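**Q** Would you mind keeping the following structure in view while I ask a few things?
The values are calculated or read from the model by the stated rules, or taken from the named source; none is laboratory data. Note that the structure is predicted; figures quoted are calculated from it, not measured. Here Cβ is always computed from backbone atoms with ideal geometry, including for glycine, and neighbour counts include all displayed protein chains.
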Amino acid sequence: MPNLHAGDLLVQMLIEYGVERIYGMPGGQTTALHDAISRNEGKIRHILMRDERNAAYAADGYARVTGKVGVCDVTVGPGTNLLPAGFLEAMNASIPMLGIVGDVPLDWLSLKQKGIASQGFDQVAFLKTCCKDAFQVPSLTAFPELIRTAFRIATAPRPGPVALVIPHEIFDADWDPDTLKAVTDNRTVHMPYLRSVAPPTGIQQAADLIAKAKRPALVCGGGVHGSDAAAEVTAFADRLGALVATSLSGKGSVPETRDYHAGVLNPLGSEAALKLVPEADLIIWCGSKVSQNTGLNWTLPTAEQATITIDIDPLEHGRTFRPTVPLLGDVRETILALDAAMGDSRVDTNPDWHKRIAEVKADCTATRETEMASDQIPIQPPRVMAEIAKRLRADDVMVSDASFSAGWISGYLLAQKPGRQFVFARGQGGLGYSVPGAIGAAEVIPKGAKVVTLAGDGAFSYTVGELATQAQYNQPIINVVINNGKLGWINMWQKLYFDKTVSVDLERQGSVPGYADAASALGLKGIYVDKPDQIGAALDEAFAHDGPCVVEVRIDEDATPIHSFKRRFSEPSDTKRARPGTVYKLREWKVSPDL
């Protein structure tokens, strides 16, 4: 048996922490890690990515689907430089991750400046800007404790990424298991590591406030999934009888098939939610940051709306408004306590509120169904969503890229069950997440399930190279590319408010790049669609295929899921191009009233 080294120590602890996959790119300084993985076949697997940025996105996708710590590895210097995009996505979305980062030897400290030591620089200071924390491992003796620390911080409220920077000589150092124990803490395998509940006085105040409300609304954010609380929140919502909406990240907190569910509250989301939530007299913000998009540029809550905030992070209560009742605690535990405090008495909502919800939903549903049945050429994206909806099964996972893709998914595909079936890159909202995010998710979904991605051609172009990764591991991924030949959002913005478009065209006039053909060349099944009646057969072929596919759909270049943009495009051209004077002012901080 070969001598064991620090790579074996790390891999043994990762296995104990339930890590099945590591996503990354080997380097000379991290070879000990891959040597140790090779000796643990069947327990842990390394997925070779084509780009370290995408390794972080893949680890993020793994973490969102499992709730465990997603792990990626990079080499010193250029590998580390590519981590911030994925780390910031995870940081802002509260996703637990561990970055294993190689480094030059410790005693080369004075040689890191300006790359005197090849690829060296101050990686810890760099990574601290985009992580919950970053540590340099100073010795083999300190290594196990720092691994435990990384998992504890990554899974503790509020979850996020942690980086371990491991100098070359420490990674290669001999390890004697009898002398230095690889002891783990099994409480930090899954987020959240710790749970707490809001105090009884706050719980009772919230219950009393809910009992007074006539038009209550429950808005669920990604914190519901971070707490693994979708089942409990759904049961609470069923008994509450209030209007429900979610953020993009909170989609699936409560099934959208419920009569009281208005969909995603976002300019990209549901028109019913955009109309109804501002009419509520009480909003319960459950695991939601009330960010710019969910708060509709912080016009919500209105000055007249009472508010309850439920969040594990004390810094979220009062960040953008003063809540009527702040409940500091884990979402699952606090919702259970609130439900118990309400007892058999449920909110006495105004019958007119239920009637209003039904009317608005009926109008919006009729519009959505008409759009999803469109036979228009070029193809309208809602028709693509209609065909995906017919085929998406309970265990399948839908991964969205940024920009308009998030709107097509959130507004036209309904969450059928509680849980995170839909993955959105909303921490940073950067293009290029879906392909690598799907690689992470595909490794841990149930056997027979599929990962379906949706990306515009602009977003898809970012990570075409990772299709080779999907092909190499024969992953069950269906990549749907809605190709309009444009940077859709910017194209539309320039058309609406400026005189001409600049740098939005993604193809030469008269040519189509051919993403389906590129996929075929990389070893995937590639299917091209340009007529509505072809979409169903193409998706049937993709779902039946044993391996990854790309279904490229040519769509209308002016299609948009943003309702206000749709209205502007229906106006006369001289009106739609009139650019209003832009006024930037500080957001108004509000005080929510008591009812």
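**Q** Under 7 Å between Cβ atoms, at least 6 apart or on separate chains: pull out the pairs that start in the range 35-53 with a residue that is without any contact (Cβ under 8 Å) to a residue 12 or more places away in the chain and end on any residue that is surrounded by fewer than 18 Cβ atoms within 10 Å (Cβ to Cβ).
**A** none
**Q** Next question. Would you check if GLU256 is touching a strand residue (DSSP E or B) at 6+ places or on another chain (Cβ under 7 Å) and surrounded by fewer than 24 Cβ atoms within 10 Å (Cβ to Cβ)?
**A** Taking the combined requirement at face value, the residue satisfies it.
**Q** Consider the range 342-352. How many of its residues are buried (at least 16 other Cβ atoms within 10 Å of the Cβ) and either modelled with pLDDT of 95 or more or not in a helix (DSSP H, G or I) (or both)?
**A** Final tally of qualifying residues: 2.
**Q** So, of the residues in the range 217-253 that are hydrophobic (A, V, I, L, M, F, W, C) and without any contact (Cβ under 8 Å) to a residue 40 or more places away in the chain, which turns out to be surrounded by the fewest Cβ atoms within 10 Å (Cβ to Cβ)?
**A** ALA237
**Q** Kindly indicate whether VAL512 is closer than 24 Å to PHE404 by Cα, surrounded by 20 or more Cβ atoms within 10 Å (Cβ to Cβ), touching a strand residue (DSSP E or B) at 6+ places or on another chain (Cβ under 8 Å) and not acidic (Asp, Glu).
**A** No; evaluated as a whole, the condition is false for this residue.
**Q** Take the residues in the range 180-199 that are outside any loop (DSSP other than H, G, I, E, B) and touching a residue at least 40 places away in the same chain (Cβ under 8 Å); name whichever of them is surrounded by the most Cβ atoms within 10 Å (Cβ to Cβ).
**A** Among residues in the range 180-199 that are outside any loop (DSSP other than H, G, I, E, B) and touching a residue at least 40 places away in the same chain (Cβ under 8 Å), the one surrounded by the most Cβ atoms within 10 Å (Cβ to Cβ) is THR188.
**Q** In addition: Could you count how many residues in the range 8-25 are closer than 24 Å to THR141 by Cα and either surrounded by 24 or more Cβ atoms within 10 Å (Cβ to Cβ) or in contact with a Gly (Cβ under 9 Å, 6 or more places away or on another chain) (or both)?
**A** Total meeting the criteria: 6.
**Q** What are the residues in the range 112-144 that are surrounded by fewer than 17 Cβ atoms within 10 Å (Cβ to Cβ) and over 30 Å from the mean Cα position of the chain (by Cα), if any?
**A** Answer for the range 112-144, where residues must be surrounded by fewer than 17 Cβ atoms within 10 Å (Cβ to Cβ) and over 30 Å from the mean Cα position of the chain (by Cα): GLN113, LYS114, GLY115, ILE116, SER118, PRO138, SER139, THR141, ALA142.
**Q** Show me the helices (runs of 4 or more DSSP H) found entirely inside the range 41-124 where at least 3 residues are at pLDDT 95 or above and under 19 Å from GLU20 (Cα atoms).
**A** Answer list for the range 41-124: 52-66.
**Q** To continue, here is another question. I want to confirm something. Restricting to the range 35-88 and keeping residues that are among the basic types (Lys, Arg) and farther than 24 Å from ALA173 by Cα, which single residue is surrounded by the most Cβ atoms within 10 Å (Cβ to Cβ)?
**A** Filtering the range 35-88 for residues that are among the basic types (Lys, Arg) and farther than 24 Å from ALA173 by Cα, the one surrounded by the most Cβ atoms within 10 Å (Cβ to Cβ) comes out as ARG64.
**Q** For the range 521-540, give me the residue count where each residue is over 15 Å from PRO381 (Cα atoms) and more than 28 Å from the chain's Cα centre (by Cα).
**A** The total comes to 2.
**Q** Test ASN92 against the criterion of being closer than 17 Å to VAL423 by Cα, in the same structural domain as THR155 (by TED's automatic domain parsing) and in contact with a Pro (Cβ under 7 Å, 6 or more places away or on another chain), and give yes or no.
**A** Taking the combined requirement at face value, the residue does not satisfy it.
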